[in-house]
Amino acid sequence: MRPSVTRWKTLLRTTVLSLLAAVAAAGVGGGPALAADGNVAWTVRTASNSYGEARSSYSYNVNPGGTVEDAMVVANRGPVPLTLAVYAADGFTTDAGQLDLLTRDKKSVAVGAWVKPSAGSVVIQPGKTAQVPFTIAVPTNATPGDHVGGILTTLTQTDQAEGINVDRRLGIRITLRVGGELKPTLAVENFHVRYDGSANPIGKGDATVSYTIHNTGNAALSAKQSVSVSGPFGVLRARAGDIAAPPQLLPGESWDVTVPVHGVAPAVRLAATATVTPLLTDASGSTTRSSPSRRRHTAGPCRGRWCWRSSC
C-alpha cells in the first residue's frame, strides 16, 4: 500500500532535516550544527574532553565488549525554553550519496542500539547550554569492522498550514570501528555493456558500461574506478574519462554506476573492463588502497547484434 500524500510530505520533511543532522556537524570543521525556524533555534557540538576539542564528529576504535563514554553539547539559541528528545540511530547512504540516519520509528541494530544517552530528553533555557552524556556499549559478539550512526536531538512541531507533524532533527555522526580483522572489499556486480555504432571498420561508436559496486567487506569504503573497451588482445583500446568516486559505502551497501566510453572502434570481438579499487580512510583522514576488483565482458557479432558474455 502506498503512503498517503500527507505521509509523503512528512517523509520528505524528515529526510531533508536528517541530512542536516547527519552532515552539518561533520562538514564545518568542528563548529556547531544549527537548526533554526522562527523562535526555535538550537545547535549541537561535541564535548571537549580526553577524546579531543572541537571535533567534527565522534570516532572510536573499540574491541567487542568494550565501552565508551562521551557527551554532546546542546545550546538553545532561541528566545523560548526548548525541550528536545534525544536518541541514537544507525546510518545509511541515500540515493543522493549522502549519509542519513534512521528515523526514531525505525529499528537500529548497531550504533543506534549500542549508544545510550543519559536521558531521553533535555530541557534547555534560552541562551543556555546542556551537556548530554552518552555511553556506547559494544556487544561481545559485535561484527568487526565499521559501523556508522549518530546521536540526535529532535523536536516535533505541527505545521498548521500543511496539517502535518514535522520532525526537526539535528545531531552528530558516530563512526565506530570494532576490533578484529578488517576486510576492505568491493565487488563489481550486474555488469552490462551497450555498444552503439557501425560495423564499418573505419567508423567508431560509443559504448555504455553499467555495473553495481557492492561493499561486500566490513569497512566503509569509497573507490577509484577505470573503464575501457578494446578489440582482440587489447588493441584499439578506448578509455573512459575521469569517473566520479562513489560515496563512502557502508558494509553491505551498493551503488549503481553508468559510464560512457566514446570513440570505440568496431572489431571482430570487443572486451569491456571495469576496475574498482577500494579506498579506505582512517580516523586521521589518510587514505589507503586495497586490492582492486575487476569485471570483464567480451562480445562478438551474433545475428547482426553484439552478444556479450561476462568473465571475471
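The values are calculated or read from the model by the stated rules, or taken from the named source; none is laboratory data. All of these numbers come straight from a predicted model, not from anything done at the bench. Note: ideal-geometry Cβ built from the backbone for every residue, glycine included; neighbour counts use all protein chains shown. Side chains are part of the model used for accessible areas, which takes the heavy atoms of the whole protein and leaves out ligands, DNA and RNA. Shrake-Rupley method; radii C 1.70, N 1.55, O 1.52, S 1.80 Å.
Sorting 48-61, 68-81 by their mean Cβ neighbour count within 10 Å, with the most densely packed peptide first, gives 68-81, 48-61. On a per residue basis, the stretch 54-194 carries 46 Å² of accessible surface, using protein heavy atoms and a 1.4 Å probe.
So which chymotrypsin sites (Phe, Trp or Tyr not before Pro) in the stretch 87-132 end up in coil per DSSP with only 12 or fewer other C-beta atoms within 10 Å?
Counting only loop positions with at most 12 other Cβ atoms within 10 Å, none of the chymotrypsin sites (Phe, Trp or Tyr not before Pro) in the stretch 87-132 qualifies.
Packing, taken as the mean count of other beta carbons within 10 Å per residue, orders the peptides 123-130, 243-250 from highest to lowest as 243-250, 123-130.
Whenever you get a sec, compute what percent of the accessible area on the stretch 99-228 sits on carbon and sulfur atoms (1.4 Å probe).
Numbers: 2910 of 5930 Å².
Solvent-exposed carbon and sulfur of the stretch 99-228 make up 49 percent of the total.
Amide H contacts for Leu236 (H built 1.01 Å from N in the peptide plane; partners 5 or more residues away or on another chain; cut-off under 5 Å): Gly231. The length gained on full extension between Asn165 and Thr275, counted as 0.36 nm times the residue separation minus their Cα-Cα distance, comes to 34.9 nm.
Apply 1/(1 + (r/R0)^6) to the Cβ-Cβ distance of Asn61 and Asp105, taking R0 = 25 Å, and write down the FRET efficiency to the nearest 0.05. Write down the numbers at each step before the final one.
Working: r = 31 Å, r/R0 = 1.24.
My answer for the efficiency is 0.20.
Listed cross-link partners Lys106/Lys224; Lys204/Lys224; Lys106/Lys183; Lys183/Lys204 are compared with a 31 Å cut-off, the Cα-Cα value being larger for Lys106/Lys224; Lys183/Lys204. The 3J(HN,Hα) values that the Karplus relation (6.51, -1.76, 1.60; θ = phi - 60°) gives for the stretch 178-183 are, in residue order, 7, x, x, 5, 8, 10 Hz. Gly and Pro appear as x.
Give a quick list of GluC sites (Glu not before Pro) in the stretch 122-192 that DSSP marks as loop, anything other than H, G, I, E or B, with at most 15 other Cβ atoms within 10 Å. It would help to have the intermediate numbers written out before the result.
Working: sites: Glu162, Glu181, Glu189; in loops: Glu162, Glu181.
Qualifying residues, ordered by number: Glu162, Glu181.
A simple spin-label model places pseudo-atoms 7 Å from Cα toward Cβ; at Asp95 and Thr216 they are separated by 2.6 nm. Estimated from the Cβ-Cβ distance and a Förster radius of 25 angstrom, the FRET efficiency linking Ser121 and Val73 is about 0.95.
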